[in-house]
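Here is the structure we will look at.
The values are calculated or read from the model by the stated rules, or taken from the named source; none is laboratory data. As the structure is a computational prediction, the values presented were derived from the model and not from experiment. As a convention, Cβ positions derive from the backbone with ideal geometry for all residues, glycine included, and neighbour counts pool all protein chains shown. These accessible areas exclude ligands, DNA and RNA; they are computed on the full protein's heavy atoms, side chains included. Shrake-Rupley method; radii C 1.70, N 1.55, O 1.52, S 1.80 Å.
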Amino acid sequence: QNQLFQQFLKLSACCGILPMRIYWLLLFEAWQSLARPEHVVVLPQGAIGLSTRGKALRVRVTSSLQPTEVEDEPREVLPAEADATFRIFKGEEEGIEVDGVGAVSVLRPGGRIPRLRLRDSQGHLLTESSLSCGQLLNRRAQGGRVLLQKPLDAGACCEACQANASCTDWSISKGSCVLLQDAEGWTPEEGAIAGRSQGLLLFNSSGRLYGRGAGPQDALQLLAEGSPVSLANRASYVPYFYSRDGYAALGHSNVTHFNRMAARYFSTGQQLAWAFEGAFQLYLMPAASLSRGTKAYYALTGRPALPPRHILGFMACRWGWKDQRHLEETLEQFRTGGFPLDSVILDFEWFANTSDYGFRDSGESWYEDFGWNPQLFSAPTQQLKKYLEEQQVHVAGIRKPRLGNRKLLNLAKEKGWLSLKASGRGGPENYADGRWLRFSDPQLRRWYAQQMRHYLDSGISYWWNDEGENFYYTYHDWNLAELELHQSHQGRATSRFFSLNRAFTPGMARLGAAVWTGDVSASWEDLRRTPGMMLNWALAGAPYVACDIGGFIGNASSQLLARWYQVGSFMPLMRIHSTHDDQPHWPWLYEDREIMRQALVRRYRLLPYHYSLAHRLSTEGDLFIRPLAMDFPEDPKVENMTSQWMDGQILVSPVLSKDSRAEIYLPKGRWHPFDMEGEVIQGPHYESMEVKLEDVPAFVAVGTVLVLAGHSLRSSASLPGGDLEVQVYAGGNGNFTMVEDDGVSSVSAEGSQRSTTFVWDDALQELSWTMTGPGSQASQAPKGSFQHLFLTVFTDARAQKSRSVPLSSSGTLSVSQPRLRQVKSGRFHSATL
């Protein structure tokens, strides 16, 4: 509206003599240019559609010469913001521009190849791409079926491929042109040139990319050369990157082949190639930093849903729960041993008495896909209620995206709900060929939800979704079925949905779907990979990452398990798991049980801190578990670092090797050891040191303010569990906002949330706070909220504590001579210090 008004003023100033009806005709044309959903630029071969989604600039590549309606929204995209209004500009360069974002355009110089251009909000050119016969330098196409081979230059080779209906790829190697069908990729070769007849965009690029995702082979690297865009056990790769050239990009093809999307990108260091099949969309987000680019990406795909608070506690998972007695004895051991716990997760044995791995595609008549195993659950509803009310433990169960019961399989075949057999050409999970469910079918999703409804009736808290990697969107569509069930269930509709999945695609986080890093081994190598998997996946669109602490396969030593517990205490989600053939990872079974207890106590002390950061992630899109490269973009030592990470304002540098050595690097700044007395260290600082088993190197910058719970929590339900400790690391000003609510209700249903902003004034050596929100009134304070606090101030080599005081709606506090006075505020009296 503001843009229309400005246009009206300009017209009035320059065209005052024109009749009023001309004004309105011109304004109507201006309105059309502003409101049009897509601006189509026609090219010699095809067209480019330009528009916005949220604040991202969308580019659609199409072979049609007709202006088209915008295609169905990709699953990945559901912007957190309204589509930005754009202006159309024309001339030799034609495109769209968005205030405060940037512009995307097509340059059509006379007689030369059109180019796609991206600019930032200041008009600086970030990157550009050829739109015809793009040539990938020093790369040769590999694989595929050879159609023709003869001497041609690159331009003629590309034209020959375009003229051949079967040709998809071409390559120049040693002076010879090779036409190919369905090449598998590109291999480096000096002097070679490669291209595609259709489906190749080549951008100039610095080659410094983040955000591809990761698998075991590249988990130790943040910087990427490309992404195959595929899913597998222990590997998720996405069609997204942030480029140090100053922009983020998300690609999408409407074609998938089993577990991969038919779109991928690859960088040579000077060129970045997008190769794709079918209709292709590219979402471009100018951003000056990795932090801003990642935030823009999460705004485009939908900001992550806030998980239930108990999910940020500790989850104990196991394949091999023997019976009800075994389950209840284990819960009792956690409680009597003083090991905090919020949920247990059960494998096959909770709903069936065996796995279905050996079944034929016809299934078995006696198998129950949606039942209860009476050995474990003789009275499911009563048991689950007892565990939650008496032990404060939630119960989750595994789910598989297939059927094993013969009758249900026949029904699914009749309805067309089963995916086609892969016949050895499909996804990585081939043991249940012919039994995989096709969750893209809405009718199947509704039927599946009805089969699962009785589990929610009985009290199952959330789902553990496994082995869905055969088809690229299985996890997304599977979660839609579970979410629709959750939202339609009378007892769950106003609560938060959560699931834990073995792989992910962009956009799943907004549904409430988290991820774990797959079936890792009990090895130091897989422990060392864990932080890199977590960081790469967070940059790729999965901010809530867990792992199988101790390894799923194999027996972990006490030392390895203790170090893994320590890493887990600073991860987004903390979860142990093991297979039925190996010893459970219950801490009391190991020599270093006290080290593991310390890690769990630390996890629960950090609960109000992590939960507040999770709130900020859901509302602002700010990652709290993130690589150092995000906070220190100018420091080359951290640009590819995965052994350390930021947990909010805590820099974590744990031990990841058997020799108990930690390689600690502190970037520029002044750093204090976390939660302990110690000297301030001036960065940049590097140190290789041996670390005692009970210690976890972690640091905070001076001026940091943290909130921690006490040492006695046994679960999130036992909050507050004592006084709130506000830690201040003196030497600079700082602040932190703590968010409290009931931990369960969805945002739309939450009526008692309160936010307390703590501010440290270093000159005054004083902490002040202000409380806002409905829950700031004493009568509406959330259940489990903190009622008292004390202050701990860390200075160089010492720590000082204040006395405990009421946490009122506002106040001030210092470690010397705290004073309390009553301040009248409306109908309530609040204690101010």
In nm, to one decimal, how far is the Gln122 label point from the Ser521 one, both placed 7 Å along Cα→Cβ? 5.0
Once Lys and Arg are counted +1 and Asp and Glu -1 for all other residues with Cβ under 11 Å from that of Gly669, the total becomes 0
Size of the range 493-542 along its principal axes in angstrom, Cα-based, largest extent first? 42, 21, 13
Which value in nm describes the separation of the simple spin-label points at Asp361 and Asp323, placed 7 Å from the Cα toward the beta carbon? 4.0
Counting only heavy atoms of protein chains, what accessible area per residue, in Å², does the range 59-185 have with a probe of 1.4 Å? 51
Taking 0.36 nm per residue of separation between Thr757 and Met689 and subtracting their Cα-Cα distance, the length gained on full extension comes to 20.8 nm
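Per DSSP H run of at least 4 residues, take -39500 (n - 2.57); add these up for the chain, divide by its residues and hand me the 222 nm value, nearest 500 deg cm²/dmol.
Rounded to the nearest 500, the figure is -6500 deg cm²/dmol.
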Indicate, rounded to the nearest 5 percent, the antiparallel portion of the DSSP beta bridges found entirely in the chain. 80
Dimensions of the range 236-339 along principal axes (Cα, Å, largest first)? 60, 34, 26
Run the numbers on the range 449-532 and let me know its relative contact order in percent, using alpha-carbon pairs under 8 Å that are six or more apart. 27
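Run the numbers on the chain and let me know its relative contact order in percent, using alpha-carbon pairs under 8 Å that are six or more apart.
The normalised contact order for the chain reaches 9 percent.
Identify the GluC sites (Glu not before Pro) of the range 353-447 meeting these criteria: DSSP loop state and at most 16 other C-beta atoms within 10 Å of the C-beta.
Hits after loop and neighbour filter: Glu368.
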If every alpha-carbon in the range 100-201 counts as one equal scatterer, what log10 I(q)/I(0) does Debye give at q = 0.16, 0.17, 0.25 1/Å? -0.70, -0.76, -1.22
For Glu389 and Glu93, what is the calculated FRET efficiency with R₀ set at 41 Å and r taken between the beta-carbons, to the nearest 0.05? 0.05
So what is the accessible area of the range 267-359 per residue, in Å², with the probe set to 1.4 Å? 28
Lys637 to Ala379: FRET efficiency via 1/(1 + (r/R0)^6), r the Cβ-Cβ distance, R0 51 Å, to the nearest 0.05? 0.30
Could you pull the accessible area for Ile595 with a 1.4 Å probe, rounded to 10 Å²? 20
Carbon and sulfur: what percent of the chain's accessible surface (1.4 Å probe)? 49
Computed lengthening from Glu677 to Gln787, 0.36 nm per intervening residue step minus Cα-Cα distance: 36.9 nm
Could you state how much accessible area Glu467 has, in square angstrom rounded to the nearest 10, with a 1.4 Å probe and all protein chains kept in place? 10
If ligands, DNA and RNA are left out, what is the accessible area of Thr494 with a 1.4 Å probe, given in Å² to the nearest 10? 90
Extension length gain for Leu411 and Thr770 (0.36 nm per residue less Cα distance), in nm, is 123.3 nm
As a quick test, which of the pairs Lys295/Lys668; Lys150/Lys174; Lys322/Lys385; Lys295/Lys400 have an alpha carbon distance above 22 angstrom in this structure? Lys295/Lys668; Lys295/Lys400
Cα-only radius of gyration and Dmax that characterise the chain, units Å: 28.8, 91
Hey, what's the per residue convex hull volume over the C-alpha atoms of the range 350-456, in cubic angstrom? 119
Normalised Cα Rg of the range 599-729, dividing by 2.2 N^0.38 Å with N its residue count, works out at 1.09
Collect residues whose amide H, placed 1.01 Å from N in the peptide plane, falls under 5 Å from the amide H of Ala287; neighbours closer than 5 in sequence don't count. Tyr247, Ala248
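For a quick protection proxy, order the peptides 565-571, 715-721, 761-767, 140-146 by their average other-Cβ count within 10 Å, most packed first.
Packing proxy ranking, top to bottom: 565-571, 715-721, 140-146, 761-767.
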How would Arg563, Arg616 line up by accessible area, probe 1.4 Å, largest first? Arg616, Arg563
Between Glu663 and Asn735, with labels modelled 7 Å along Cα→Cβ, what's the label distance in nm to one decimal, could you check? 3.9
Amide H to amide H under 5 Å from Asn501: which residues, 5+ apart in sequence or cross-chain, H placed 1.01 Å off N in plane? Asn465, Ala514, Val515, Trp516
